[in-house]
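**Student:** Here you go, one structure.
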Amino acid sequence: MTIHRAVVSWTRGEQTFTDGRYSRAHVWRFDGGAEVSASASPSVVPAPCSDASAVDPEEAFVASLASCHMLWFLSIAAGHGFRVDAYDDEADGVLARGADGRLAITTVTLRPRATFSPERVPSRTELDAMHHEAHSACFIANSVKSDIRCEPR
């Protein structure tokens with residue numbers, strides 16, 4: 001078992017807060033030292049209370065799925081002897097009401113494109129199989145059904 005930690009920090013500053021017109025901008029800090037500006041999505045909380053230039057949780061969820069899939073795909077392709085020269089994915093997540101009426105990311109569509117060195121290019125069948133294997137192995141995709149606990153301190 002490995003523990004992965006993210007520290008999420010927000011401060012009120014001089015904002016009234018109780019009027020609901022406070023900034024949703026905050027910071028994500030990761031154990032390797034990276035800091036990411038984060039905010040509520042402007043589609044959920046309109047500006048100026050959100051920051052469109054920051055990463056929102058919905059985008060981060062989609063990016064983590066796409067990133068995990070890519071990392072597995074690269075490993076699988078290398079293991080099969082295919083040399084990947086480039087990889088990009090224009091992934092989308094749909095925020096909609098689920099069957100229970102609550103908002104959720106109901107669909108994530110990955111659109112990966114891998115460019116291979118010309119000496120050995122996989123067939124469509126091999127490509128599809130590698131993407132299927134990557135999806136099956138992706139920790140994040142396998143975690144969507146995970147138990148989310150809240151333990152206030």
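**Student:** Restricted to segment 97-144, and to residues that are exposed (fewer than 10 other Cβ atoms within 10 Å of the Cβ) and of a type in the set (Gly, Ala, Ser), which residue is farthest from residue 55 (Cα to Cα)?
**Tutor:** This residue is 123.
**Student:** Among the residues of segment 105-153, which ones are over 16 Å from residue 64 (Cα atoms), free of Cβ contacts under 8 Å to residues at least 12 places away in the same chain and not basic (Lys, Arg)?
**Tutor:** Across segment 105-153, the qualifying residues are 118, 123, 125, 128, 129, 132, 147, 148, 150, 151, 152.
**Student:** From the set of residues in segment 81-96 that are exposed (fewer than 15 other Cβ atoms within 10 Å of the Cβ) and in a loop (DSSP other than H, G, I, E, B), which is nearest to the chain's Cα centre (by Cα)?
**Tutor:** Taking the candidates together, the pick is 90.
**Student:** Something else now. Taking the condition of being more than 13 Å from residue 6 (Cα to Cα) and assigned to a loop (DSSP other than H, G, I, E, B), how many residues in segment 25-64 meet it?
**Tutor:** The total comes to 18.
**Student:** Could you tell me whether any residue of segment 73-96 is touching a residue at least 60 places away in the same chain (Cβ under 8 Å) and of a type in the set (Phe, Trp, Tyr)?
**Tutor:** Looking through segment 73-96, at least one residue is touching a residue at least 60 places away in the same chain (Cβ under 8 Å) and of a type in the set (Phe, Trp, Tyr).
Readers should treat all values here as calculations from the given coordinates under stated rules, not as data from a laboratory. From a predicted model like this one, the values you see are computed outputs, not experimental measurements. As a convention, Cβ positions derive from the backbone with ideal geometry for all residues, glycine included, and neighbour counts pool all protein chains shown.
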